[in-house]
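The values are calculated or read from the model by the stated rules, or taken from the named source; none is laboratory data. Worth saying up front: this structure is predicted, and the values here are computed from it rather than measured. A quick note on method: Cβ atoms are made from the backbone with ideal geometry, for glycine too, and the neighbour counts reach across all protein chains shown. All accessible areas refer to the heavy atoms of the entire protein, side chains included, with ligands and DNA or RNA removed. Shrake-Rupley method; radii C 1.70, N 1.55, O 1.52, S 1.80 Å.
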Protein chains: 2
Amino acid sequence: MTSSLHHRAIENLGTRIISGDLPAGHIMLAEKLEDELKVSRSVIREAVRVLQSLGLVETTKRVGIRVLPPNRWNPFDPQVIRWRLASKARGAQLRSLAELRSAVEPAAAELAAQNAPAPLRLELVDVAHAMRDAGHRGEVPRFLELDIQFHSLLLSGSGNEMFANLSGQVAETLTGRTVHGLMPDHPHEAALQWHVDVAEAIARGDASAAREASDKIMRRTMSQMSDTWTEQPRVFIPVHR
Amino acid sequence: MTSSLHHRAIENLGTRIISGDLPAGHIMLAEKLEDELKVSRSVIREAVRVLQSLGLVETTKRVGIRVLPPNRWNPFDPQVIRWRLASKARGAQLRSLAELRSAVEPAAAELAAQNAPAPLRLELVDVAHAMRDAGHRGEVPRFLELDIQFHSLLLSGSGNEMFANLSGQVAETLTGRTVHGLMPDHPHEAALQWHVDVAEAIARGDASAAREASDKIMRRTMSQMSDTWTEQPRVFIPVHR
DNA sequence: TGACACCGATGTGTGCAGACATCAAAACTC
DNA sequence: GAGTTTTGATGTCTGCACACATCGGTGTCA
């Protein structure tokens, strides 16, 4: 059902709004959209309703469908994130995700050490060791796969559904980093060991050691990436009062 | 337009799904819903489409509208959070938010010290001082208001739109804590000073001091609240593979 | 004469009703 | 049991009535 007319309409409009092709304040008329996308009113109306719930547009009688500015968009919605990653703001989005990740993962490691179910702890250790092996062998695709699995397990093991939900976004940042050639063929030796340290600390329930090791990974990751996106402009959203 | 039929239908169904009144796997028929809510098909369809984008339901031809399990819900959607806060899972939701906040705020403080615009830094210092005064005077409502403003400014000052977007949720946790009588009339003296420390560190651009002081606030907050929700069951979401 | 309040015309989203298309589950046939 | 048909739900389209924010014209008062 991913290519229903409804879905395609959402995709079309969402992409164009977030790319800036349809700028904030731009007003669309439902009738024009029907005409432009060659679909019926019901399809347009359902699509607009979804975009409205994402904060991308608002509707006003006698005016039309108004495109909202970026600070009204829901920055945590997976679709919005995906659209931003496909836009010129890709760099800024990746930075935001990396910052979020580096804040969350150490906390997740701490929680996982306290709460994760036993099987998950064991799997985490296995994956960490497999990562180290793959890293030594320079198996880049295999390493990426394990890396994603490791961090997904970690987030899931926290027992916080919000943390767990970030695994998809983390996978995106890891993949993006690899695809863009920011990863060396042989990952940093210390970083490999830190992953093992995180897993083993969680396995033995040592919360502060888990956080500490995770924090080291995150600080290294951030310092590695920071120079690539220093040119990305930051946006300061005024406090709602 | 918050009381449109469309909006009311979303509210009705969203509330019932998240409360567990409509359990995962439960199947609804559009026709039945029209009848039950006394609205037309278009209203139901638009509402279902929005719920679908939130991960609350999925539609299948020849079957109907199926309610999805909690691990499919988008845990970052403001509506979902609001509905969970109004449900029996309120405690678990507050804990999740508190954990997220305690992970994010120190990171936000660090970023704010590096990036926040000058006027925001000044305002942050003012608010921190006002907080200390209100705390000393035992002005609880005023203190809550300033507390919310302080943390909103902090998150906004990070220049990370995802962090900034959490201010609403943070306000919710702070308000919830006060309403439920978990706040003493006179806040802990050290905590008041830590707020001032955060603000002043940000004002002078001292990132690590800002993080450190913010981390102290978060650790104290978490340890204060931890005993109130130890009975909340944790949910471990299996890793998607 | 000019400023201002009122009020109706207009245009657009909102809601309704009914039709047909589509497609996958379920029943049926061989 | 494999292939085919039937069936029943969502998907899509269309015409209509209504609500209501905006705009512009009209009348009143200073």
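Under 9 Å by Cβ, and 6 or more places apart or on different chains, what pairs join a residue from region B:125-152 that is within 14 Å of chain A (Cβ to nearest Cβ) with one that is modelled with pLDDT under 95 and open to solvent by 60 Å² or more (accessible area, probe 1.4 Å)?
The qualifying pairs are B:Gln149/A:Arg241; B:Ser152/A:His240; B:Ser152/A:Arg241.
Out of all the residues in region A:200-241, which are in contact with a Leu (Cβ under 8 Å, 6 or more places away or on another chain) and among the polar types (S, T, N, Q)?
The answer is A:Ser214, A:Gln224, A:Thr228.
Return yes or no: is B:Leu54 hydrophobic (A, V, I, L, M, F, W, C) and within 14 Å of DNA strand D (Cβ to nearest atom)?
Here the answer is no, as B:Leu54 does not meet what is asked.
I'd like to check something: does region B:32-39 contain any residue that is within 16 Å of DNA strand C (Cβ to nearest atom), open to solvent by less than 30 Å² (accessible area, probe 1.4 Å) and more than 10 Å from chain A (Cβ to nearest Cβ)?
Checked against the condition, which is being within 16 Å of DNA strand C (Cβ to nearest atom), open to solvent by less than 30 Å² (accessible area, probe 1.4 Å) and more than 10 Å from chain A (Cβ to nearest Cβ), region B:32-39 yields at least one hit.
Count, please, the residues in region B:10-31 that happen to be within 18 Å of B:Trp83 (Cβ to Cβ) and within 14 Å of chain A (Cβ to nearest Cβ).
Of the residues in that region, 5 qualify.
Considering each residue of region A:79-99, count those that are charged (D, E, K, R) and either in the same structural domain as A:Gly20 (by TED's automatic domain parsing) or open to solvent by 20 Å² or more (accessible area, probe 1.4 Å) (or both), and give that number.
Total meeting the criteria: 4.
How many residues are away from DNA strand D (no atom under 15 Å from the Cβ) and within 28 Å of A:Gly64 (Cβ to Cβ) when one looks only at region B:13-42?
1
Count, please, the residues in region A:40-77 that happen to be aliphatic (A, V, I, L, M) and either part of a helix (DSSP H, G or I) or more than 13 Å from DNA strand C (Cβ to nearest atom) (or both).
The qualifying residues number 9.
May I ask you to say which residue of A:Ile27, A:Ile18 is buried (at least 16 other Cβ atoms within 10 Å of the Cβ) and either within 12 Å of DNA strand C (Cβ to nearest atom) or modelled with pLDDT of 95 or more (or both)?
The conditions single out A:Ile18.
Of all residues in region A:155-179 being more than 10 Å from every other protein chain (Cβ to nearest Cβ) and in contact (Cβ under 8 Å) with a residue 24 or more places away in the chain, which is farthest from A:Ser96 (Cα to Cα)?
So, considering only residues that are more than 10 Å from every other protein chain (Cβ to nearest Cβ) and in contact (Cβ under 8 Å) with a residue 24 or more places away in the chain, the one farthest from A:Ser96 (Cα to Cα) is A:Thr178.
Of everything in region B:154-171, what is part of a helix (DSSP H, G or I) and under 20 Å from A:Leu166 (Cβ atoms)? Give them in sequence order.
B:Leu155, B:Glu161, B:Met162, B:Phe163, B:Ala164, B:Asn165, B:Ser167, B:Gly168, B:Gln169, B:Val170
So that you can scan it fast, the table gives a plain yes or no per residue for (1) assigned to a helix (DSSP H, G or I); (2) farther than 30 Å from A:Lys88 by Cβ; (3) in contact with an Asp or Glu (Cβ under 8 Å, 6 or more places away or on another chain):
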position: A:Ala191; (1), (2), (3): yes, yes, no
position: A:Trp194; (1), (2), (3): yes, yes, no
position: A:Val198; (1), (2), (3): yes, yes, no
position: A:Gly205; (1), (2), (3): no, yes, no
position: A:Met218; (1), (2), (3): yes, no, yes
position: A:Gln224; (1), (2), (3): yes, no, no
position: A:Asp227; (1), (2), (3): yes, no, no
position: A:Pro233; (1), (2), (3): no, no, no
position: A:Pro238; (1), (2), (3): no, no, no
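Can you name the condition, by its number, that A:Arg8 falls short on among (1) open to solvent by less than 40 Å² (accessible area, probe 1.4 Å); (2) more than 9 Å from DNA strand C (Cβ to nearest atom)?
Looking at each condition in turn, A:Arg8 falls short on (1).
Can you pull out every residue in region B:70-92 that is in contact (Cβ under 8 Å) with a residue 24 or more places away in the chain, within 10 Å of chain A (Cβ to nearest Cβ) and among the aromatic types (Phe, Trp, Tyr)?
Within region B:70-92, just B:Trp73 meets the criteria.
Give the residue, chosen from B:His151, B:His129, B:His186, that is closer than 16 Å to B:Ile217 by Cα and in a loop (DSSP other than H, G, I, E, B).
When all the criteria are applied, what remains is B:His186.
Here is a check on your reading of the model: is B:Phe76 surrounded by fewer than 23 Cβ atoms within 10 Å (Cβ to Cβ) and of a type in the set (Phe, Trp, Tyr)?
Against the criterion (surrounded by fewer than 23 Cβ atoms within 10 Å (Cβ to Cβ) and of a type in the set (Phe, Trp, Tyr)), B:Phe76 qualifies.
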